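Accompanying notes for the structure given below.
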Amino acid sequence: MKKLLTFLSVFTISIIGHTQTTTVEESIFGAQTGFLGIYANHELRLTNRIALRSEIGLDAGFWGSDVNDFNGYLLTPILAIEPRWYYNINKRATKNKSTTNNTGNFISIRTSYHPDWFTITNAENLNFIGDFTIIPTWGIRRHIGNHFNYETGIGLGYGRYITTKEDYYYGDKNLLVLNIHLRIGYSF
């Protein structure tokens with residue numbers, strides 16, 4: 001009888017342990033950099049598997065021309081908000097894989113805004129035109145150790161230039177936007 005009670009107790013505890021839901025972290029602050037920018041971000045838990053990521057940073061751009069031998073660069077501010085659904089976080093936990101600092105695969109809707117506040121550039125008389133984008137994105141986030149992470153994602157969505165009468169842009173204001181990112185970062 002003791003063996004049966006011990007078995008049932010262990011069995012019940014193991015079932016309860018495996019049925020508990022792994023959740024995303026309550027709050028994570030971090031910084032990331034990639035090939036085209038540097039960013040500070042915060043993720044806030046909304047539900048067990050959904051986090052709201054807010055981000056501020058500087059996006060970079062480069063260009064070159066064989067016609068006038070001019071190569072240029074620019075840095076411009078970006079504000080972004082992105083609800084992320086970490087759809088495989090429970091599966092990772094059941095396989096004893098790390099879920100620390102929201103390690104997992106995600107689907108998101110990245111919404112970003114490039115305001116025309118300032119631009120850091122080597123070009124003279126550059127007329128920067130701000131834009132607004134909404135991009136459904138699929139990505140992965142992995143952590144190395146306790147604080148370092150890497151992240152990659154890809155998505156295709158809608159963008160729109162934000163212009164005024166003073167702007168020199170006369171083309172179509174609607175855009176098809178591709179989001180490809182590869183970043184490394186640090187979580188505080």
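The values are calculated or read from the model by the stated rules, or taken from the named source; none is laboratory data. Model, not experiment: these values are computed from the prediction. Note: ideal-geometry Cβ built from the backbone for every residue, glycine included; neighbour counts use all protein chains shown.
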Worksheet item: Counting only residues that are touching a Gly at 6+ places or on another chain (Cβ under 8 Å) and free of Cβ contacts under 8 Å to residues at least 40 places away in the same chain, which one in the stretch 81-101 is surrounded by the fewest Cβ atoms within 10 Å (Cβ to Cβ)?
Response: Y87
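Can you name every residue in the stretch 61-74 that is in a strand (DSSP E or B) and either buried (at least 17 other Cβ atoms within 10 Å of the Cβ) or aromatic (F, W, Y) (or both)? Before the answer, list the steps.
Quick first cut of the stretch 61-74, residues in a strand (DSSP E or B) only: 61-64, 71-74.
Result: F62, W63, Y73, L74.
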Practice prompt. Only residues that are within 15 Å of Y113 (Cα to Cα), at pLDDT 95 or above and of a type in the set (A, V, I, L, M, F, W, C): list them for the stretch 41-68, please.
Written response: I56, L58
Item to complete: Kindly list, by first and then second residue, each pair from a residue in the stretch 115-135 that is more than 12 Å from Y73 (Cα to Cα) to a residue that is aromatic (F, W, Y) and surrounded by 11 or more Cβ atoms within 10 Å (Cβ to Cβ), limited to pairs with Cβ atoms under 7 Å and residues at least 6 apart or on different chains.
Response: D116/F128; I129/Y161; I129/Y169; D131/Y161; F132/Y113; T133/Y158; I134/Y158
Worksheet item: Considering the stretch 37-53 alone, what residues qualify as being among the small types (G, A, S) and crowded, with 17+ Cβ neighbours inside 10 Å?
Response: G37, A51
Worksheet item: For the subset of the stretch 13-33 comprising residues that are within 13 Å of T99 (Cβ to Cβ) and surrounded by 15 or more Cβ atoms within 10 Å (Cβ to Cβ), which member is modelled with the lowest pLDDT?
Response: T22
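Considering T111, T163, T94, which residue is hydroxyl-bearing (S, T, Y) and modelled with pLDDT of 95 or more? Full working, then the answer.
Details: T163 fails: modelled with pLDDT of 95 or more; T94 fails: modelled with pLDDT of 95 or more.
After ruling out the rest, the residue left standing is T111.
For the structure I just gave you, tell me whether G104 is surrounded by 15 or more Cβ atoms within 10 Å (Cβ to Cβ) and touching a helix residue (DSSP H, G or I) at 6+ places or on another chain (Cβ under 7 Å). Don't jump to the end; show me each part of the working.
Numbers: surrounded by 15 or more Cβ atoms within 10 Å (Cβ to Cβ): yes; touching a helix residue (DSSP H, G or I) at 6+ places or on another chain (Cβ under 7 Å): yes.
Answer is yes for this residue.
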Worksheet item: Which of (1) modelled with pLDDT of 90 or more; (2) among the small types (G, A, S); (3) more than 23 Å from the chain's Cα centre (by Cα) does A80 not meet, given it meets every other one?
Response: (3)
